[in-house]
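Below: one structure, written as structure tokens.
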Amino acid sequence: MRIPALAALGFILASGLPAFAQQSLSQPVVGVDQTVQPDSFRELSKRLMPAVVNISTQQTIAPNGLPTFPEGSPMERFNEFFGRDEDGFQRQGSLGSGFVISADGIIITNNHVIDNADEIEVNFSDGRVLKATLIGRDRDTDLAVLKVKSNTPLPFVDLADSDNAEVGDWVIAIGNPFGFGGSVSAGIISARNRDLNSGRSDDFIQTDAAINRGNSGGPLFNLGGEVVGVNTAIISPTGGSVGIGFSVPSNLVKRISQQLVEHGRVRRSWLGVNVQDADEALVKAYKAKGKGGVIITRISDNGPADKAKLEVGDLVLKFDGQAIASVREMTRLISDEPIGKTVPLAIIRDGKARTISVTLGELEDDEDSTPAQILPDGPASSNDLGAELASIDDDIRRRFGIPKDVDGVVVTGVSSRGRSFGKLNRGDVIVEVNFNKVATITDTVSRVETAMMTPQQPLLLRVKRRGDAGWFDQFLSIELTR
């Protein structure tokens with residue numbers, strides 16, 4: 001179970017913003033060897049602590065029906081005990097961490113630290129408490145940018161080039177765990193490029209430096225005093241640190257924070273498709289070479305892919321010249337490209353290689369893939385798929401909730417001994433076999449029997465599958481040698 005580590009972090013934004021041009025508190029030491037174990041973190045901690053802040057928030061919650069005792073009543077003191085004001089509204093607070101990235105008061109933290117907050121206060125190590133305003137936030141990366149006003153320049157820290165951070169490098173985390181401000185913990189980078197399935201931009205640094213509730217949004221420093229990541233989440237069965245914490249890499253933080261400062265929101269490029277990973281068997285079924293790629297399963301109406309005449313079922317092997325290994329990698333490549341750029345996509349369609357140019361649009365709404373709904377398997381069948389098939393009539397449509405615009409052959413059961421076990425689900429509608437449309441059971445069985453003549457080539461099925469958000473396309477490869 002993944003438990004958020006309520007923390008916030010601060011960093012230096014990209015160049016070009018005048019306020020960020022001043023010398024930082026954590027001026028990195030040139031030539032610091034990240035591979036040598038330090039005798040102590042004493043001096044580094046002293047130098048960095050003033051730029052790390054504790055963040056507290058307050059949120060007003062409407063009355064929930066419990067009584068509020070009137071002013072002057074003997075029970076009035078219990079209003080405060082229950083966190084209520086004179087109108088019956090309840091106050092709820094949270095704690096997190098953050099860090100300053102510019103002398104004029106720009107602060108980085110996690111979005112979940114300040115989410116739904118009515119008031120945000122920033123507490124500095126010298127005892128100062130300043131009100132903060134929200135500049136912008138990004139739910140996908142769980143980052144937020146705050147601004148405070150100070151009569152004097154504030155100490156701040158720099159962002160590292162996180163691409164240079166390697167597994168085994170020493171790091172220290174400073175934050176506000178469980179409300180104990182100014183806490184320092186040390187460890188190493190345990191892993192890179194972790195995907196927690198929390199957003200389209202997952203690319204976390206894993207560390208064994210102790211991170212707990214309240215550390216969220218706080219900085220993870222390298223030995224040069226640069227922020228290499230923003231502490232965001234932990235995995236723990238107990239709620240405390242077990243040595244598995246995750247930080248957003250500083251290069252991603254730099255890019256997101258600059259957009260939040262400039263635009264108040266993050267502008268992302270958009271292709272207008274849903275895709276699924278293509279494993280080696282699927283790539284082989286497309287008569288292509290290699291072990292990776294993605295298959296387009298849905299195209300948004302009037303989106304960039306639709307305008308470029310991409311089609312559902314296209315296997316995408318390269319994006320702007322770069323090989324695509326997974327959905328995650330393609331999503332990241334699209335996000336890194338500027339809006340309006342025209343990029344070539346190397347695809348396979350109907351077994352033939354093509355190149356299609358697409359002009360990227362701007363993402364307005366979430367385009368997350370719809371997860372498949374797993375339905376129970378049914379009895380055995382005598383056909384080569386090992387699946388019970390039925391023609392679609394009005395009764396079948398009602399039974400499985402199949403829309404009127406979906407035609408094909410419905411799967412009513414899957415044998416645990418059949419070739420398609422673990423691939424097809426009860427309720428799937430088979431619409432194509434090896435790129436040929438099928439409308440009847442006879443068509444489907446005939447296409448499968450033809451494919452059996454070349455069993456070394458996997459069978460490719462295109463099915464319509466029901467998910468939480470409606471019906472979507474799914475592409476499956478069936479090994480015929482089984």
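At 1.4 Å probe size, with no ligands or nucleic acids counted, give the accessible surface of ILE339 in Å², nearest ten.
It works out to around 60 Å².
For the full complex of protein chains and a 1.4 angstrom probe, list THR442, THR454 by accessible area with the highest value first.
THR442, THR454
With the dipole of the stretch 414-482 worked out from charges on the C-beta (+1 for Lys and Arg, -1 for Asp and Glu) around the Cα centre, which of VAL414, ALA451, THR440 lies farthest toward the positive end?
The residue sitting farthest along the positive end of the dipole is VAL414.
For the stretch 137-150, what does the Karplus curve 6.51 cos²θ - 1.76 cosθ + 1.60, with θ = phi - 60°, yield as ³J(HN,Hα) per residue in whole Hz, taken in order and with x for Gly and Pro?
8, 9, 5, 5, 9, 6, 10, 9, 10, 10, 9, 10, 9, 9
Take the cross-link list LYS307/LYS464; LYS404/LYS464; LYS289/LYS437; LYS147/LYS254; LYS307/LYS341; LYS289/LYS464 and give me the ones stretching past 18 Å between alpha-carbons.
Listed pairs above 18 Å: LYS307/LYS464; LYS289/LYS437; LYS289/LYS464.
Counting only heavy atoms of the protein chains, get the accessible area per residue of the stretch 129-256 (1.4 Å probe) and round it to a whole Å² value.
The answer is 36 Å² per residue.
If DNA, RNA and ligands are ignored and the probe is 1.4 Å, what is the ranking of ASP407, ASP202, ASP195 by accessible area, most exposed first?
Of ASP407, ASP202, ASP195, the descending order of accessible area is ASP407, ASP195, ASP202.
Percent relative contact order of the stretch 152-296, based on C-alpha pairs within less than 8 angstrom and at least six residues apart?
Dividing the mean separation by the residue count of the stretch 152-296 yields 19 percent.
Report the local net charge at ASN251: Lys and Arg +1, Asp and Glu -1, summed over other residues whose C-beta lies under 10 Å from its C-beta.
In short, -1.
If I compute solvent accessible area with a 1.4 Å probe over the protein chains, what percent of it on the stretch 99-199 is carbon and sulfur?
The nonpolar share, carbon plus sulfur, comes to 45 percent.
In square angstrom, what is the accessible area per residue of the stretch 301-361 with a 1.4 angstrom probe?
Per-residue accessible area for the stretch 301-361 comes out at 47 Å².
The values are calculated or read from the model by the stated rules, or taken from the named source; none is laboratory data. Because the structure is predicted, anything quoted here is derived from the model rather than measured. In this analysis, Cβ positions are derived from the backbone assuming ideal geometry, glycine residues included, and neighbour counts consider all displayed protein chains. The protein model used for the area step is the full one, side chains on, heavy atoms only, and it has no ligands, DNA or RNA in it. Shrake-Rupley method; radii C 1.70, N 1.55, O 1.52, S 1.80 Å.
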